[in-house]
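In what follows, a single structure is set out as structure tokens and then discussed.
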Amino acid sequence: MRPAVVFRYIGIIMLLTAAFMLLSACIALWNSVDTSFYPLILSFVLTAILGIFPMIFVRRSDRINMKEGYAIVVGAWLMACLVGTFPYLLWGGEFNWSTAWFESVSGFTTTGSTALDNVEALPRGLLFWRSSTHWLGGIGVVMFVLVVMPTLGKTKMTLSNVELSPLAKDNYKYKAQKITHILLSVYIGLTVLETICLKIAGMNWFDALNHSFSTVATGGFSTKNASIAYYNSAAVETISMIFMLMSGIHFGLIFATLTGKKNNIFRSETTRYYLGTFFVVGVLIAISLWNEGTYSTFMESLRYSLFQTAAIITTTGFATADTTVWSSLATILLLFVMFQCACAGSTSGGIKSDRVWLTVKAIRARILQQQHPSAVIRVKLNGVTQDDSVINSAMLFIVVYIMIVCAGTIIVTATGEDLMTGFSLVATSMGNVGPGFGSVGTMDNYSHLSPFIKIFSTIFMLLGRLEIFGLLQLFLMKWWK
Amino acid sequence: MLGFLFLGIMLAFSGMISMFQLNKLSSHTQNLLNNSMKSMELSKDMLDATQEQNTSLLHIVVLGHNQLDSAFTYAGKAFERALNKASNMSGHTLELDLIYRARNDYNRLINDFFSTPGEKDIEWFMEMYGSSYLALTNAIKDYMVASQQSMLQKAESLERNAYRAIMPGIVTLCVAIIIVIMFAFLMDIYYIRPIQDMTNGLTSFLKHKFPYNVEVDGNDEITKLNDQIEELSTLARNRMNE
């Protein structure tokens, strides 16, 4: 392990973060030098110094090993979250240390929960910075730099291996170098397309761009206190829903579909499972809401249920309705999709549909094996036979995920929060979803929670974003030797 | 060097922001305390004067002590002075208007009392005068409460200013600490350790005639120095062998 090399690469990521701070400052400047201009400029300079400093000393290294790769990725996330607090802290207002850290981690991990009572009080520069953290976090800060800094050469391969979910890598049928280009092309393409669509639907350019950043990154920050509900527009909701669902699909598959490749969305088993889950859960919730009389017509129930299901399954977390008043069936179904979430290789968090579907198949294979002990039964996913190690690691991930959520719930409820708030807060943070139930529902925020719970929930956000083991590795001392 | 220069500039810049904000904070705090003290004193003066007039009038009505007229007039003048001073201070126009209105009603009643001596009895004092007196004292108390409420609002604004004054300094200081730690670490790796290795290599060569074999990774002056020492040691060993 060469810490100096790790510093250098984290420094590159700091420079990228600083560039977005500068861009946000330009927005503040363009908006008649609003109050966020000086905080953003100062943050830009400080972050840029932090980024440039190790680059002055440390020479470029063509080869980095797996341990260094892990340290770079995890270190980059932590440092990005840390410097991301600078504009908030310097601006003041509702922000203090815990709120700024919460908002920054929630932004970079694309969770989208807010600890602010009044988002609309923020100046435009700061609102743009807030959305930028989603956009940067969505693709993975490291993945960005791999494309932006083509000089990294062989290093690119190692970092891609670390940053991408192991299941996501299986689905890519391209070389590692091309993966980053595919991700970026799809990411920017979706952002531009959604911005234009939202503008046509009636939003102004600023709101359209901010909401696109949030949607494509499956984040959930909005420029309005009432989130998407503010616009009360079926067109805006439909556009957001379509792009949320698209952002939850493996980016490689979107690219393959658009370029007419064989392994496209329609042939992907996991994508079919993910979209199937969305429709079934959405319709079941609509029936439940209509039956309970929450909304007057079935179409109205369907409109809100489909949007909220899409917002939660893709881990975006936008809101058009208060789900805390929905029926028990609707709540439990939303909790299920909050755990499962969307596909690997997308910007969403959670357990991922791939792992859930693989586990379902493994259970089916196990039952068949018991019926036919001598038979050789293979588990296939998207037509590819899966190794036992892949199945085991998927199952282990699910078990560890649920154990962490349970442990977190115990700690949160021990602080005095009710069970539903505690459980959904930890589950929503782990899945990088955003809204939960209880006092952290779709129409609430996290401002009323104690600083301890705010900081505590950011640990789960980071654990979820780095797929648990990525973050845990960093703290295992044996691993450093 | 460039990094430290930037950092120095940033620290100076943050310091300037802090100084500016702290200066503003200091003068605002002073003004706030002065205004609060003044409004409290003036409210007290007005309440005292009204109380004084009330006592004098009670004596006149009940006991018929006409010599208390001058005390009544003096208290009335003290009230007017305090009210004028309060009007000259900025803010709370609504509450001051209420005091003026209540005072005018009160004065009208008093004038009526003195223009028709002997007609007004204790019943008039308890009912007519009592309600007017209560309205006046309540208006003064409202003014006091409003002054204190605006103090609270100003204190919140001061708290925000104080936050803005110290935060750039704290954030820049934190960044400076990180950079200093990183600088020490990198200096150790790239300069101190190679020099220590070279010194140890040279010592081994001079004392025990071990071959000088120190590897320094890089492409800077330290690497060049190491290469030259290696060349020199090879030359010296060759000479010694001859």
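Observations on the model:
- In the calculated pair-distance distribution of the stretch B:132-236, the portion above 25 angstrom amounts to 61 percent of the Cα-Cα pairs.
- Calculated P(r) of the stretch A:382-480 - Cα pairs past 19 Å, %: 48
- Whole-number percent relative contact order across chain B, with pairs defined as alpha carbons under 8 Å at least 6 apart: 25
- Options A:Met461, A:Val440, A:Ile398, ranked by Cα towards positive dipole end of the stretch A:382-480, top entry (Cβ charges): A:Met461
- Using the 1.4 Å probe convention, the accessible area of the protein assembly as shown works out to 46 Å² per residue with neighbouring protein chains retained.
- Shape class of the stretch A:1-163 from the Cα gyration tensor (axes a ≥ b ≥ c, square roots of the eigenvalues): prolate, since a/c reaches 1.5 or more and a/b is larger than b/c.
- With a 10 Å cut-off around each Cβ of A:43-51, the average count of Cβ atoms from other chains is 5.
- Averaging over all projection directions, the Cα-based convex hull of the stretch B:188-242 occupies 3.4 nm² in the image plane.
- In chain B, the longest principal axis of the Cα atoms and the axis of helix B:69-88 are about 30 degrees apart.
- In chain B, the inverse of the mean reciprocal separation of distinct Cα atoms equals 25.7 Å; this is its Kirkwood hydrodynamic radius.
- Nearest-ten-degree value, helix B:2-63 long axis tilted from longest Cα axis of chain B: 10
- Accessible area that becomes buried as B packs against A, both chains, 1.4 Å probe, Å², nearest 100: 2400
- Shielding of A:84-90 by partner chains, average beta-carbon count, 10 Å: 3
- The convex hull drawn around the Cα atoms of the protein assembly as shown, when projected onto a plane and averaged over every direction, covers 50.1 nm².
- Highest-first arrangement of A:78-85, A:316-323, where packing means the average Cβ count within 10 Å: A:316-323, A:78-85
- Share of carbon and sulfur in the accessible heavy-atom surface of the stretch B:2-174 [1.4 Å probe, %]: 60
- The dipole here belongs to chain A: it is taken about the Cα centre, uses +1 on the Cβ of Lys and Arg and -1 on the Cβ of Asp and Glu, and is about 2220 debye.
- Relative to the dominant Cα principal axis of chain B, helix B:221-241 is inclined by about 30°.
- For the stretch A:382-480, the share of accessible area belonging to carbon and sulfur comes to 72 percent (1.4 Å probe, ligands and nucleic acids excluded).
- Across peptide B:175-185, the average count of Cβ atoms from other chains found within 10 Å of a residue's Cβ is 4.
- Surface composition of the stretch A:1-163: carbon and sulfur make up 65 percent of the accessible area, probe 1.4 Å.
- Kyte-Doolittle mean at least 0.0 and Cα axial length at least 20 Å: DSSP H helices in chain A: A:3-30, A:37-57, A:66-91, A:124-139, A:176-200, A:269-292, A:298-313, A:388-414, A:451-465
The values are calculated or read from the model by the stated rules, or taken from the named source; none is laboratory data. Because the structure is predicted, anything quoted here is derived from the model rather than measured. Neighbour counts run over all protein chains shown; Cβ positions are idealised from the backbone, glycine included. Heads up: the accessible areas ignore ligands, DNA and RNA and are worked out on the full protein's heavy atoms, side chains in. Shrake-Rupley method; radii C 1.70, N 1.55, O 1.52, S 1.80 Å.
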